[in-house]
1. How far apart, in nm, are two points set 7 Å out from the Cα along the Cα-to-Cβ line at LEU25 and at ASP208?
2. Say R0 is 35 Å: what FRET efficiency, to the nearest 0.05, do GLN126 and ARG285 get from their beta-carbon distance?
3. Where the centre of each part is set by its Cα atoms, how far does segment 40-83 sit from segment 314-356, in angstrom?
4. Mind putting a number on the dipole of segment 2-355 about its Cα centre? Charges go on the C-beta only, +1 for Lys and Arg and -1 for Asp and Glu, and I need it in Debye to the nearest 20.
5. Could you give the length gained on full extension between LEU51 and LEU76, defined as 0.36 nm per residue of separation minus the Cα-Cα distance, in nm?
6. Excluding residues on the same chain fewer than 8 positions from LYS169, give the aspartates and glutamates whose Cα lies under 16 Å from its Cα.
7. Efficiency by 1/(1 + (r/R0)^6): what FRET value for SER193 and VAL141, r their Cβ-Cβ distance, R0 = 22 Å, to the nearest 0.05?
8. Would you kindly derive the ³J(HN,Hα) couplings of segment 222-228 from the backbone phi angles with the Karplus curve 6.51 cos²θ - 1.76 cosθ + 1.60 (θ = phi - 60°), listing them in order in whole Hz, with x for Gly and Pro?
Amino acid sequence: MKDTVKYFDKLTFALLLLLALVGILLVYSAGHSSGETHYLKQIAWLAVSLLAFVAVFSLKTEFIFRKAFVIYLALLAVLVLQLALGGTIARTKSWFRLWGIGFQFSEFVKVPLAVYLAKLLAHIDQFDGRAYLKMIVAIFVPVALIVLQPDMGISFILCGFIPLAMLLKKARPTLVLITVLLAVAAGVIGWHSLLKPYQKERIVSFMDPAQYKDSTGYHIIQSRIAIGSGGLAGKGYLKGSQSRYQFLPARHTDFIVSVIGEEFGFLGVSMLFFAFFLVFYRHLRFKHQNDEEFYFVYLFNGLVLFQFLVNVSMAIGLFPVLGISLPFVSYGGSSLLSLFIGEAVIFRIKVNTYLT
């Protein structure tokens, strides 16, 4: 136990905790003028997330990877039950209520899918057509179940595992071309068969938000105003007019970066980006004991980085608004809990490199 504490990556954990605490302060700022209490729920979720972190960190990584497929199948079963019995919030059937608490179980797919893919990729010597098909099926099944909810945000983020896995396995150009063609085909089918009118409008409006200023373009316009008005150092904490007067929609979730930009300016956003950079840098610079650990660390961090980039791009109008939160910072208990569970596995892996 003493050695575990000694080799525990305290600086990186402090950075993650700092991001979560800053997120709580920003969630409070985003809703204090309207009497919202999301920040209290986020505090409770952070406490639960830290307990879950300790519980998962105490597990041996060999056990986690050995049970990867079982956990993966269990969460697929939960996604099926969610479609059948889940509650509808914000037009998606993504929620279960247990003991009066809402859980978005699609968020929890990230960790077991990353673990299962890591185990799969570690046992693939040659990334041929058969291995590629296994990977695609493993990702497609949960994505399809989440699309049926429909939750395009999380399903899109999970698709990020595909290029990450192909990059790590140095896939042949032929497989890259096949992936691009499949993506185009999925996009065409989705556009004509799956997407609702409001979802199509979200995708189109980011290219010309002024044309949709009274509907989906309104989010992007107000977000740009908030970020731009912050200038170099911002207006100050709790003094952002876009948040205070509720001009900015989804300010505690999708557009939390806009709150940072308005209240703390370019310097505040830069400090946030630097904190994320340090986390990724420290997670990716150590030596791994085996291939399973290597693939998990890179897959999970790659997915978090992908989600980070998409959220920031949404806030500045370079990407359609898909309901994707900023990792560790945005309001969302299920997201925070799943991220800390994934981080617990990484921290356990890092400690193992010193204990064996």
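Bear in mind that the values in this text are calculations on the coordinates, not laboratory data. Small disclaimer: the values here were computed from a predicted structure and weren't measured. Ideal geometry is used to build each Cβ from the backbone, glycine not excepted, and the neighbour counts take in all protein chains shown.
1. Simple spin-label model gives 4.2 nm for this pair.
2. Working: r = 28 Å, r/R0 = 0.81.
Efficiency computed from Cβ-Cβ geometry: 0.75.
3. For segment 40-83 versus segment 314-356, the Cα centre distance is 13 Å.
4. Values: 31 positive and 18 negative charges, 71 e Å.
So the dipole magnitude of segment 2-355 works out to roughly 340 debye.
5. Values: separation 25, 0.36 × 25 = 9.00 nm, distance 2.44 nm.
Length gained between LEU51 and LEU76: 6.6 nm.
6. ASP125, ASP128, ASP291, GLU292, GLU293
7. On the way: r = 19 Å, r/R0 = 0.84.
The value I calculate is 0.75.
8. 5, 5, 5, 4, 4, 5, x
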